[in-house]
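Notes follow once the structure below has been shown.
The values are calculated or read from the model by the stated rules, or taken from the named source; none is laboratory data. Note that the structure is a prediction, hence the values are computed from the model and not measured. Glycine gets a Cβ as well: all are built from the backbone with ideal geometry, and neighbour counts include every protein chain shown.
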């Protein structure tokens, strides 16, 4: 089991939409998880967005995409 905690540091505070997509592909098949939420994020400090726990085998391919948007830009 692997634990992944994406962090973000913004130059300006914002009420942001956060989307985290994880894709795993391996010998046992494929899986996809998606989390979305709106957070009030402060400026100039690292913020942990969420905690992902994934079962990953050595032959698996994993892609994690984190998107933070204030509705105007990414």
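On the given criteria, is residue 12 at pLDDT below 90, loosely packed, with under 11 Cβ neighbours inside 10 Å and not in a strand (DSSP E or B)? Taking the combined requirement at face value, the residue does not satisfy it. Here residue 38 does not qualify as closer than 18 Å to residue 9 by Cβ and within 17 Å of the chain's Cα centre (by Cα).
Quick one: count up the residues across region 15-49 that are out of contact with any strand residue (DSSP E or B) (no Cβ under 6 Å at 6 or more places or on another chain) and within 16 Å of residue 68 (Cβ to Cβ). Number of matching residues: 3.
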